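Data block below; observations after.
Values quoted throughout were computed directly from the atomic coordinates according to the rules given, and no laboratory measurement underlies them. Everything numeric here is computed off the predicted structure, so don't read it as measured data. All Cβ positions, glycine included, derive from the backbone under ideal geometry; neighbour counts span all protein chains shown.
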């Protein structure tokens, strides 16, 4: 189980939101590059970068910061937020990003998703961001009537190999992941599954590991020292 520290970028800073609300922001570092260096020094094996400005606007915004991180950090990096075209994916991969995360595009543009999976299948992760069983999009700002489990089955049939599942109501709360939904997702799909949202303790990680989760993205719990990266890595 891979432990992946999260670095969410907004207005050039490393921040965390609560339940995806842009009105509930906490700044943890003025320099996302310094945050990335910190996690590398502490033993991170990969990093999860989200361009929150891009997620909100629908257009990747912080490419220059992402590029600097890939230049200075010797870790596999996955990036999401505002990735809406093959051109942006090509650019991210060209600057050293290992995997790209798409959410809104996967829900709105099936023809483009099919082409992307044909060309970049191993580099594409689809983000399943859910509130009360329904998927959200546009940086979690827009709710849909799309059922989480139905979408997961459909995307798997299209050829998606990797999912990130986030319960939006848990994100930034330190209130445990939604284990019930995680277990249900594992029953309806065989896709590699990474979990984000609500992780706050070694107990959470041990429970996820017992479910054979592929990875866990941790943000607030690391930044607020609820769990250390060393402790998390020891569980994995």
Note: residue 111 to residue 211 extended length (0.36 nm per residue) minus current alpha-carbon separation gives 32.7 nm
Please report 86, 91, 230 as a ranked list, fewest other C-beta atoms within 10 angstrom at the top and most at the bottom. 230, 86, 91
Among 149, 203, rank each residue by its count of other Cβ atoms within 10 Å, from fewest to most, as a rough exposure measure. 203, 149
So for segment 81-236, using the alpha carbon gyration tensor with a ≥ b ≥ c as root eigenvalues (a/c under 1.5 gives rounded; past that, a/b versus b/c decides prolate or oblate), I'd call it prolate
So, R0 is 30 Å and r is the distance between the beta-carbons of residue 30 and residue 90; what FRET efficiency does that work out to, to 0.05? 0.50
Per-residue ellipticity at 222 nm for the chain, helices alone: DSSP H runs ≥ 4 residues times -39500 (n - 2.57), over residue total, nearest 500 deg cm²/dmol? -10500 deg cm²/dmol
For residue 228 and residue 187, what does the FRET efficiency come to when R0 = 30 Å and r is the distance between their Cβ atoms, rounded to the nearest 0.05? 0.40
Considering only DSSP beta bridges whose two residues both sit in segment 109-236, what percent are antiparallel, to the nearest 5? 30
Using only the Cα atoms of segment 59-153, build the gyration tensor, take square roots of its eigenvalues as a ≥ b ≥ c, and label the shape rounded, prolate or oblate: rounded if a/c is under 1.5, else prolate if a/b is larger than b/c, else oblate. prolate
Given the Cα-Cα distance of residue 59 and residue 37 and 0.36 nm per residue of separation, how much length would full extension add, in nm? 5.3 nm
Which stretch or stretches of segment 86-107 have amide N atoms under 15 Å from the point lying 7 Å from residue 154's Cα along the Cα→Cβ direction? 103-107
Nearest-5 percent of antiparallel DSSP beta bridges in the chain? 30
Taking the Cβ of each residue in 160, 79, 182 as the centre, tally the other Cβ atoms inside 10 Å and list the residues starting with the fewest. 182, 160, 79
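Quick one: grab the alpha carbon gyration tensor of segment 1-143, order the square roots of its eigenvalues as a ≥ b ≥ c, and give me rounded if a/c is under 1.5, else prolate or oblate depending on whether a/b is larger than b/c.
Note, shape of segment 1-143 comes out oblate.
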